[in-house]
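Worksheet for the structure shown next.
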Amino acid sequence: DMRMIKRLAALALITAIVSTPAFASPLERLKASGRITVGYVAVAGPFSFKSDAGAPDGYAVELCKRIGKSIEQQLALPGLTVSWKSVDLEDRFSAVADGDIDILCTPTSTTLATRERVSYSIPVVASGNRAAVRTDAPTALRRVLTEMAGSHSVWKGTPAENVLSKTTFAAVKGTSAEQWVDERRAALPLEVKVLKVASLRKGLQQ
């Protein structure tokens with residue numbers, strides 16, 4: 001059952017920066033400091049990545065640039081300093097919660113667990129899980145991965161199980177896709193090998 005699961009991805013926002021000054025709102029803190037630190041994951045293209053010149057780029061980065069301009073206008077801060085900081089996938093929520101960055105400009109799925117640590121913007125993109133295979137992948141594997149949900153179950157001894165058990169999947173560490181794959185593997189009686197990779201690019205290369 002490798003069907004796409006639709007969900008909404010948003011930007012993780014300021015949460016733990018209210019301590020300086022005491023009890024100040026995030027916007028009040030920004031107005032007092034005249035600085036906003038924007039975090040992004042450099043290997044999450046096309047949403048956030050480093051350009052050939054080494055600068056942050058991508059769809060989510062462009063959104064955050066516009067957020068910075070909006071804050072500058074709304075708070076009348078023509079000299080607002082926007083600093084960009086690259087963060088790892090595994091540490092992106094900690095960076096927000098600990099106040100190392102004010103906003104994370106890499107879309108991420110919202111979960112109850114992460115909502116205990118960070119706040120989110122409105123959704124910015126509809127996302128989901130898809131399996132990418134080589135162009136010369138066996139027809140049987142393509143058929144299993146593209147079958148609609150509810151057509152039939154995948155159990156031991158079925159043709160679909162025989163195909164999947166011979167397949168090695170890769171999932172990016174620290175993402176909701178990794179969690180989803182682990183949950184599906186545990187829920188279904190299938191022996192599927194899953195590699196944990198550091199980035200989408202690395203997974204596609206492998």
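The values are calculated or read from the model by the stated rules, or taken from the named source; none is laboratory data. All figures in this text were calculated on a predicted structure; none of them were measured in a lab. Cβ: placed from backbone, ideal geometry, glycine included. Neighbour counts: every protein chain shown. Only protein heavy atoms, including side chains, enter the accessible area calculation; ligands, DNA and RNA are left aside. Shrake-Rupley method; radii C 1.70, N 1.55, O 1.52, S 1.80 Å.
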*Restricting the search to the stretch 97-108, which residues are open to solvent by less than 20 Å² (accessible area, probe 1.4 Å) and either under 14 Å from the mean Cα position of the chain (by Cα) or acidic (Asp, Glu) (or both)?*
Asp102, Ile103, Leu104, Cys105, Thr106, Thr108
*So Pro138 fits all but one of (1) closer than 21 Å to Tyr40 by Cα; (2) modelled with pLDDT of 85 or more; what number is the exception?*
(1)
_Could you tell me how many of the residues in the stretch 62-84 are without any contact (Cβ under 8 Å) to a residue 60 or more places away in the chain and either assigned to a helix (DSSP H, G or I) or open to solvent by 90 Å² or more (accessible area, probe 1.4 Å) (or both)?_
13
*If only one of Leu200, Leu145 is open to solvent by 70 Å² or more (accessible area, probe 1.4 Å), touching a residue at least 60 places away in the same chain (Cβ under 8 Å) and over 30 Å from Arg29 (Cβ atoms), which one is it?*
Leu200
_On the basis of being at pLDDT 85 or above, under 30 Å from Leu112 (Cα atoms) and assigned to a strand (DSSP E or B), does Ile36 make the cut?_
yes
*Just wondering, is there one or more residues in the stretch 43-50 that are out of contact with any Cys (no Cβ under 6 Å at 6 or more places or on another chain), loosely packed, with under 15 Cβ neighbours inside 10 Å and at pLDDT below 90?*
yes
*Within the stretch 172-197, tally of residues that are farther than 18 Å from Phe47 by Cα and surrounded by 13 or more Cβ atoms within 10 Å (Cβ to Cβ)*: 13
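Within the stretch 28-42, take every residue that is over 21 Å from Ser94 (Cα atoms) and touching a strand residue (DSSP E or B) at 6+ places or on another chain (Cβ under 9 Å) and give me the one that is most open to solvent (accessible area, probe 1.4 Å).
Only one residue fits best here, namely Ser33.
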*asked:* Quick check on Val87: is it surrounded by 15 or more Cβ atoms within 10 Å (Cβ to Cβ), of a type in the set (A, V, I, L, M, F, W, C), touching a residue at least 60 places away in the same chain (Cβ under 8 Å) and under 24 Å from Ser199 (Cα atoms)?
replied: no
*Count, please, the residues in the stretch 73-130 that happen to be within 30 Å of Leu141 (Cα to Cα) and not hydrophobic (A, V, I, L, M, F, W, C).*
7
*Is there any pair linking a residue in the stretch 172-185 that is without any contact (Cβ under 8 Å) to a residue 24 or more places away in the chain to one that is part of a helix (DSSP H, G or I) and of a type in the set (Lys, Arg), with Cβ under 7 Å and at least six apart or on different chains, and which?*
none
*Being farther than 16 Å from Ile101 by Cα and either in contact with a helix residue (DSSP H, G or I) (Cβ under 9 Å, 6 or more places away or on another chain) or aliphatic (A, V, I, L, M) (or both) is the filter here, so list the residues in the stretch 33-62 that pass it.*
Val43, Ala44, Gly45, Pro46, Phe47, Phe49, Ala53, Ala55
